[in-house]
Amino acid sequence: MCGIFGYTGKRNSVETVLKGLKKLEYRGYDSAGIAGLHTGEIVSCKEVGKIAALEKLVHEEKIELDLAIAQTRWATHGKPSVVNAHPHLDQGRTLALVHNGIIENHDSLRISLEKQGIHFVSETDTEVIAQLLGVMYQGDFLATLREAIPLLKGAFALAIIHKDYPGQIFAIAHESPLVIGIGHGEAFVSSDSNAFAAHTREVVFLANSEIAVIKSDSLQIFDLMGEIDKETHQLTEEIQEISKGDYEHYTLKEIFEQPRVIRQALLSRFLEEYGTATFEELNLDVNSLLSVQRILILACGTSLHSGLIGASLLEDQARILTYTDISSEFRYKNPIVPPDTLVIAISQSGETADTIAAVKEVKAKGAKVLAICNVYGSTLTREADSTLYLRAGPEIGVCSTKAYTSQVIVLALFSLMMARMRHMNKYEGQEFLNALKALPDVVQAVLDKAPEIEKIAKKYAHYENFFFIGRRYMYPSSLEGALKLKEISYINANGYAAGEMKHGPIALINADCPTVALGANSDTLDKLESNLREVAARDGKIIAIIKESDRGLEKIANDVITIPDTIDELATVPVTVVTQLLAYYIAIERGADIDQPRNLAKSVTVE
Ligand code: F6R
């Protein structure tokens, strides 16, 4: 949430920072701003809306800066407005800063600063930091920062410039990611290394309470005690060209990428002959994997839904007791984490604050953590004992699509490996592998049906309420289908276990509330059919998604979408592609902003 970017060096600072900021737009896009030093004064420019609006204003006002910091905002404290947009300045205009995170004790700090005569102009928690630093400064800014950090409670990644320190950017990280890129005669600071990876691959990740003093030709890192030596890292993953290609939206492109993404997730990760899976990057030894008695999966949102699929797979195949918990709930428990528990933390971004906090909690209890993540070098991958990468490539659309599919594939491979270490025989393993290898074609066949799905979507786009229901592997798929529809089309959609409908939700069924019936779990199809009869009896319209060779639902459904046959355990992949397309085309019909839905951000780095 909120992306921050800064630059000092020989390039045009304004253009470099605007370009970097655009790569962070996925983190928030309700307002944006830039500040820097020019002829010894702080100059800043802010605008409501997307970065393109700021860019236009910066060009109109012919802003020139010697070095620059900038931010794209996802509002937490105070509505999106020019005044609340970052950067924030202190009263004396000696410094400007941009912030990602939340200052939890902003109220008490604000009251105490007001008593000292400070007049606040914004509603934000961030301005409190700027005013605090302005009041505390006595001529040594580094000392001021070191004294101020312990006074701030919460999460903060900051990039700061000060009038008395031309040519320098100060950066601080605390429970919020910040990475510095070191170039030749230039330096970058960003919430995400992807934003500057085209310029330099040498990076330093700031840890909690560390302060960086960044100049174009030097970098010093301090903690609260003094200067420290800090390891630099090389970004190893390929820089992927980020473009929409011929697609109208990133989301649609990412939906259509899924056959390739599945192949990529499977690549060199299975041993056909032994009917098992293998992960080059897995550095948990065989003995510790064999001693696993239970697995706890932690995640949020879409990643939680793939985690629910993973939990069923691990119980069904490997017969390991597996449970899933919502990171934001788990972090405030005093959880019981028995010995021999393996924790799997799933996150596309690797920056989700709730999941990272939950991981820290289980690590404090002594558990081993395996991350499943898409972003190399992200905070989660640095916290975890080992990481399995999704290899899905950058996911730009704010709603997660291809990452879900990759997560399911990686979880399926991991479950296969654990099952083969225990009860599953080679032939069963090979059969499961065959089903996995067939998935890219199965998904392609679903994508080929996009025009048919679009037609159905148009027919239902005017409804304001939907249910998505399913059983077994289709239950998490229902949650995911409903989430996708609500986040990109702003329709109220609820995912339910089909058997739960009669325990309350069925009260909402009428001719104005269609149900998307996820019927691709053959094992429970007849049970789902009974639930749907109850829906039909109350005039509810039904869109059924079923396997080609399954019969039954077509008698009661108003519309049927078929997927090629696959095993129940993996049917979530093609079914979810159908629900992604349904959500996409319904959102298009309603004129919604597909890639950047209102109120959302891609990387949820606040609680
Ligand atoms: C939904 C979506 C979110 C994320 C959630 C977790 O489309 O994108 O629900 O899945 O915020 O994010 P990660 O996976 O980055 O931890």
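A short reminder: the numbers here are calculations on the coordinates, not readings from a lab. Note that the coordinates shown come from a computational prediction; the quantities given were computed from them, not determined experimentally. Cβ sites come from the backbone with ideal geometry, for glycine too, and all protein chains shown count toward neighbours.
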remark   = 1/(1 + (r/R0)^6) with r = Cβ-Cβ of Glu64 and Ala438, R0 = 51 Å, i.e. FRET efficiency to nearest 0.05, evaluates to 0.30
key: Per-residue ³J(HN,Hα) for segment 51-57, Karplus 6.51 cos²θ - 1.76 cosθ + 1.60, θ = phi - 60°, Hz, x for Gly and Pro   = 5, 4, 5, 5, 4, 4, 5
ask   = Which one of Gly495, Ile42, Ala148 has its Cα pushed farthest toward the positive end of the charge dipole of the chain, where Lys and Arg give +1 and Asp and Glu give -1 at the Cβ?
value = Gly495
key: Projected label distance in nm at Glu114 and Leu267, using a 7 Å step from Cα toward the beta-carbon   = 5.7 nm
query = What is the dipole size for segment 449-593, taken about its Cα centre, with +1 at each Lys and Arg Cβ and -1 at each Asp and Glu Cβ, in debye to the nearest 20?
reply = 240 debye
key: Rg and Dmax [Cα atoms of segment 244-443; Å; Rg one decimal, Dmax integer]   = 16.3, 51
request  = Return the FRET efficiency for the residue pair Glu548, Thr278: r is the Cβ-Cβ distance, R0 is 22 Å, and the value is rounded to the nearest 0.05.
outcome  = 0.10
ask   = How far, in nm, would the chain grow between Ala143 and Lys244 when pulled straight, counting 0.36 nm per residue and subtracting the alpha carbon separation?
value = 31.7 nm
note = So, relative contact order of the chain in percent, Cα under 8 Å, 6 or more apart, is 12 percent
request  = With N denoting the number of residues in segment 541-597, provide Rg(C-alpha) divided by 2.2 N^0.38 Å, to two decimal places.
outcome  = 1.32
key: Within the chain, helix-based [θ] at 222 nm, where runs of 4 or more DSSP H residues each add -39,500 (n - 2.57), nearest 500   = -10000 deg cm²/dmol
Net charge over other residues, Cβ less than 10 angstrom from the Cβ of Lys541 (K, R count +1; D, E count -1) = -2
message = Can you order the peptides 342-354, 88-100, 545-557, 32-44 by their average number of other Cβ atoms within 10 Å per residue, highest first?
response = 342-354, 88-100, 32-44, 545-557
remark   = For Gly310, the net charge from surrounding residues (Cβ-Cβ under 12 Å; K, R +1; D, E -1) works out to -3
key: Estimated vicinal HN-Hα couplings, Hz - segment 142-156 in sequence order (Karplus 6.51, -1.76, 1.60; Gly, Pro = x)   = 4, 4, 4, 4, 5, 6, 7, 3, x, 7, 9, 10, x, 10, 8
ask   = Hey, fewest Cβ within 10 Å first, where do His106, His119 land in order?
value = His119, His106
request  = Give me His59, His77 ranked fewest to most by other Cβ atoms within 10 Å of their Cβ, as a rough exposure proxy.
outcome  = His59, His77
task = Ratio to report: Rg/Rh of the chain, with Cα atoms as the point set and Rh obtained by the Kirkwood method; give two decimals.
result = 1.00
ask   = Stokes-Einstein D for segment 3-234 at 4 °C, 1.567 mPa s, Kirkwood Rh over Cα pairs, in µm²/s?
value = 76 µm²/s
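R0 = 51 Å: FRET efficiency of Asp217 with Val337, Cβ-based, nearest 0.05?
0.60
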ask   = Tell me, Asp164, Asp385 in order of fewest to most beta-carbon neighbours within 10 Å?
value = Asp164, Asp385
